[in-house]
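Trainee: Before we start, here is the structure in question, set down as structure tokens.
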Amino acid sequence: MTSEATARGRAADGEPGWKGEPGDTSTLLGRPAVGYLDAAADTLAAVKREILHRLAPEPGRRLLDVGCGNGTDVLELAARVGPSGEVVGVDVNERAIEEARARGTGTGVPASFLTASAYALPFPDDHFDGVRAERMVQHLAEPAGAITELARVTKPGGRVLVADPDHGMWAPDLADRESTRTVLTWWFENIRNPWIGRRLSGLLRAAGLAEVQVKPMPVVLDGIAAADGLTGLSDAIRRAGEVGVLPPERVSALTGDIAEREADGGFLMYGVIILAEGRKEG
Ligand SMILES: C[S@@+](CC[C@H](N)C(=O)[O-])C[C@H]1O[C@@H](n2cnc3c(N)ncnc32)[C@H](O)[C@@H]1O
């Protein structure tokens, strides 16, 4: 846990941090990353499908996934590019790469995995037909450097696709607006760049990419289990009470609201993932 996290009361003693920089990416929202990412992949299936469609994984293509986690998207793409193609996944977290390699073993698809950082990709210039990075840039101290690196390894004419949440736009169905704003702002400050979604377009343009487009994609979390699974909402409210960000009566009111909505047929929370795309000129 960093001293900054301690000072801001973000994580209780002994609980891991989850900023996602080298060394602390094995947990996300304080939970083991492997299970977290599998559950998120189900919730975000529409986002993944849209990225896949835009990457156009035709036979023979060479594609890269940066911050590939468990390797789910790499294996899916590799099945489509076929034996004449190639898909590489990189992640800074060695345990993620071990997991991804284990999942790829025996599948027969042209997928490979490497431990590497988005800041220094071990590939020559103009190497890939398309590059994706999903929910990775939100964790980076230097997003601009990483996006320039994604563009560097993309072939002229190739596509760079970057998708991240805008954590300033989560809307849980809760009545107490002030407490809700307080807890959400505090909780998502745990992410290094909570508002990165709205910055992606500017970052892609700054990296020299052309025809930059942005598509906000809705994320609907139907029921508190789905909201907790992706955003840790109940933990956020509980911990906000524990560290004094919210007084106990406000924690009880929010928790009571959630229980009431669930009993009424379902608590709802929604938000947005921003999908930004650009083409490398040349
Ligand atoms: C929220 S996970 C998303 C994983 C995957 N893209 C998916 O959609 O399931 C973010 C991933 O980015 C990785 N990551 C964080 N910083 C990185 C860096 N500097 N270089 C490469 N990967 C990084 C983390 O280890 C983690 O696996």
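Trainee: I'd like to check something: does the stretch 195-205 contain any residue that is open to solvent by less than 20 Å² (accessible area, probe 1.4 Å) and modelled with pLDDT under 95?
Mentor: no
Trainee: Now for a separate question. Taking the criterion of being surrounded by fewer than 19 Cβ atoms within 10 Å (Cβ to Cβ), part of a helix (DSSP H, G or I) and of a type in the set (S, T, Y), would at least one residue in the stretch 258-273 satisfy it?
Mentor: no
Trainee: If you don't mind, there's one more thing I want to ask. What are the pairs, 6+ residues apart or on separate chains, where a residue within the stretch 82-93 that is open to solvent by 20 Å² or more (accessible area, probe 1.4 Å) has its Cβ under 9 Å from a residue that is more than 13 Å from the ligand (Cβ to nearest atom) and among the charged types (D, E, K, R)?
Mentor: Here the result reads S84/R61; E86/R61; E86/R62, each pair linking the stretch 82-93 to a residue that is more than 13 Å from the ligand (Cβ to nearest atom) and among the charged types (D, E, K, R).
Trainee: Same structure again: For the structure I just gave you, tell me whether D73 is within 10 Å of the ligand (Cβ to nearest atom), surrounded by fewer than 16 Cβ atoms within 10 Å (Cβ to Cβ) and in a helix (DSSP H, G or I). Please lay out each step first, then the result.
Mentor: Numbers: within 10 Å of the ligand (Cβ to nearest atom): yes; surrounded by fewer than 16 Cβ atoms within 10 Å (Cβ to Cβ): no; in a helix (DSSP H, G or I): yes.
Judged against the criteria, D73 is not a match.
Trainee: May I pose another question? Please determine, by comparing only the residues of the stretch 125-155 that are surrounded by fewer than 23 Cβ atoms within 10 Å (Cβ to Cβ) and part of a loop (DSSP other than H, G, I, E, B), which one is farthest from the ligand (Cβ to nearest atom).
Mentor: For the stretch 125-155, the residue satisfying everything is D126.
Trainee: For the stretch 100-124, what are the residues that are free of Cβ contacts under 8 Å to residues at least 40 places away in the same chain and assigned to a strand (DSSP E or B)?
Mentor: Going through the stretch 100-124, the residues free of Cβ contacts under 8 Å to residues at least 40 places away in the same chain turn out to be 100-110, 112, 114-116, 119-120, 122, 124.
Residues satisfying the conditions are S112, L114, T115.
Trainee: Among the residues of the stretch 227-256, what is the count of those that are open to solvent by less than 30 Å² (accessible area, probe 1.4 Å) and closer than 15 Å to W170 by Cβ?
Mentor: Qualifying residue count, the stretch 227-256: 10.
The values are calculated or read from the model by the stated rules, or taken from the named source; none is laboratory data. Note that the structure is predicted; figures quoted are calculated from it, not measured. In this analysis, Cβ positions are derived from the backbone assuming ideal geometry, glycine residues included, and neighbour counts consider all displayed protein chains. Protein only, heavy atoms only, side chains kept; ligands, DNA and RNA dropped before computing areas. Shrake-Rupley method; radii C 1.70, N 1.55, O 1.52, S 1.80 Å.
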